[in-house]
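Data first, discussion second: the structure below is written as structure tokens.
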Amino acid sequence: MSGLLGIGLESEAQSWQERALCAETDPEAFFPEKGGSTREAKKICTGCEVKAECLEYALSNDERFGIWGGLSERERRRLRRRAV
């Protein structure tokens, strides 16, 4: 039974990623070089319907690099500190 549950959760996780606007764009925009601009990625995130799911995923999985849910690594760190 737990195997079926795992499959359902996995396909649910994939579904938000498949609907993400970033899936249709250049992934390099979401992982800029140190000191590089995050503006292009954040602009794409602004209109994305799964922005909240993306941010939740990044926070839950301690993603340390890239733009997730419209926030940079530094912004996510600040958000985590405020939540504690």
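The values are calculated or read from the model by the stated rules, or taken from the named source; none is laboratory data. Everything numeric in this text was worked out from a predicted model, so none of it was measured. Using ideal geometry, Cβ is built from the backbone for each residue, glycine included, and neighbour counts are taken over all protein chains shown.
With respect to (1) of a type outside the set (Lys, Arg); (2) over 13 Å from the mean Cα position of the chain (by Cα); (3) assigned to a helix (DSSP H, G or I), the lone exception for Pro32 is condition (3).
Within region 47-67, residues that are among the acidic types (Asp, Glu) reach partners that are crowded, with 18+ Cβ neighbours inside 10 Å and modelled with pLDDT of 95 or more with beta carbons closer than 8 Å, at six or more positions or on different chains, in the pairs Glu53/Gly69; Glu56/Gly69; Glu63/Arg76.
Taken over region 72-84, the criterion of being free of Cβ contacts under 8 Å to residues at least 24 places away in the same chain and within 12 Å of the chain's Cα centre (by Cα) is satisfied by Glu73, Arg76. Scanning region 43-84 for residues that are of a type in the set (A, V, I, L, M, F, W, C), buried (at least 19 other Cβ atoms within 10 Å of the Cβ), part of a loop (DSSP other than H, G, I, E, B) and out of contact with any Ser or Thr (no Cβ under 7 Å at 6 or more places or on another chain) gives a single hit, Val50.
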